[in-house]
Every structure is written in structure tokens, then in C-alpha cells.
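What follows is one structure encoded as C-alpha cells, with my remarks underneath.
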Amino acid sequence: MQQMSFLPELDRRLTQKAVEDALRKYRLCKYLTFNEREASITASYEDREGGRTNQTSDQTGSIAVHNIDTQNERRTFVERVERVVSRLPRMEKHLITERYMGSDSEYITDYTIYNNEFNPPISEFTYYKIKWKAFYKIALALDIQVIKTN
């Protein structure tokens with residue numbers, strides 16, 4: 001008799017890539033400043049053959065909407081990722097925050113984390129087991145999982 005599970009079986013490689021991409025986006029949104037668009041005050045000539053286009057343009061309004069919406073999207077994404085990671089078990093949360101959520105995470109290796117950040121140090125096998133469990137939970141929470149197809 002086949003055992004039924006409510007948790008989906010995920011494609012490990014593609015799910016890990018999706019989670020790492022989300023955490024990379026998190027770092028970009030969290031640590032890089034957002035450059036706001038500014039309105040152009042130089043008049044420009046626009047050739048309109050055939051008369052009016054019946055389209056109005058509000059450059060300042062569309063720029064303001066872009067600036068506010070983009071900042072809100074970035075802040076919402078950062079808060080969502082932080083909320084998901086904060087709900088992980090202690091060891092998984094420690095691994096993810098040390099390895100993926102710091103401003104210098106691009107330069108930290110897995111080896112550094114499992115040998116230096118855990119006290120006492122853990123084995124490479126245990127580290128990758130904890131890492132996959134954390135990725136699995138993050139992928140499901142952020143809805144970026146890749147389900148394995150037969």
C-alpha cells in the first residue's frame with residue numbers, strides 16, 4: 001500500500017535554485033538603495049501626425065506612482081522573507097541568516113558556516129540536511145517550489 005503524504009515531492013535542484021534566487025533578490029532589495037526616478041523639466045518636441053492622440057500624459061504622476069510602488073514592493077518582499085525565515089527552527093534559521101541574508105553573503109561559503117558559525121561545528125552531511133529542510137520550508141512558504149514530475 002502506497003503511503004500518502006500531503007507534502008509534495010519537490011525537484012531538489014530547481015527548488016534550491018528558486019530559493020537561492022529569492023534570497024539573492026532579498027539581499028538586493030534590503031541592502032541596495034533605490035534610485036528614484038525624477039521628472040524631466042526639459043521640453044521635448046513630439047511629432048503627432050494626423051492630429052490629437054486623445055492620450056493625456058502625466059509624467060510627474062506616473063513617476064511618483066512608480067517610485068512609491070517599487071519601494072512598497074521591495075519592502076513587502078523583504079518583510080515577507082524575514083517573516084518566513086523567523087518561523088524556521090533555530091538551527092535552520094541560523095544557517096539561512098548567516099549564509100544567505102547578510103550583506104556579505106555572496107562571499108561566505110557553506111564550509112565557513114558549518115565549520116565556524118555552528119558551535120560545536122557540524123558535519124558537512126548534517127549541514128546540507130538542515131539546509132535542504134530550510135529550503136523546503138522556505139520554498140513552500142514563498143510559493144516558489146518546483147514539484148517533481150514523473
Out of all the residues in segment 34-46, is one or more open to solvent by 100 Å² or more (accessible area, probe 1.4 Å), modelled with pLDDT of 70 or more and closer than 30 Å to Gly102 by Cβ?
no
Name the one entry in Ile113, Ile122, Ile108 that is open to solvent by less than 90 Å² (accessible area, probe 1.4 Å) and more than 29 Å from Leu32 (Cβ to Cβ).
Ile122
When restricted to Ile63, Ile68, the only residue at pLDDT below 90, in a helix (DSSP H, G or I), over 25 Å from Tyr136 (Cα atoms) and open to solvent by 90 Å² or more (accessible area, probe 1.4 Å) is Ile68
Residue in segment 109-150 that is nearest to Glu79 (Cα to Cα), counting only those that are assigned to a loop (DSSP other than H, G, I, E, B) and among the hydroxyl-bearing types (Ser, Thr, Tyr):
Thr109
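The values are calculated or read from the model by the stated rules, or taken from the named source; none is laboratory data. Since we're looking at a predicted model, the values are computed, not measured. Note: ideal-geometry Cβ built from the backbone for every residue, glycine included; neighbour counts use all protein chains shown. Side chains included, ligands, DNA and RNA excluded: accessible areas come from the protein's heavy atoms. Shrake-Rupley method; radii C 1.70, N 1.55, O 1.52, S 1.80 Å.
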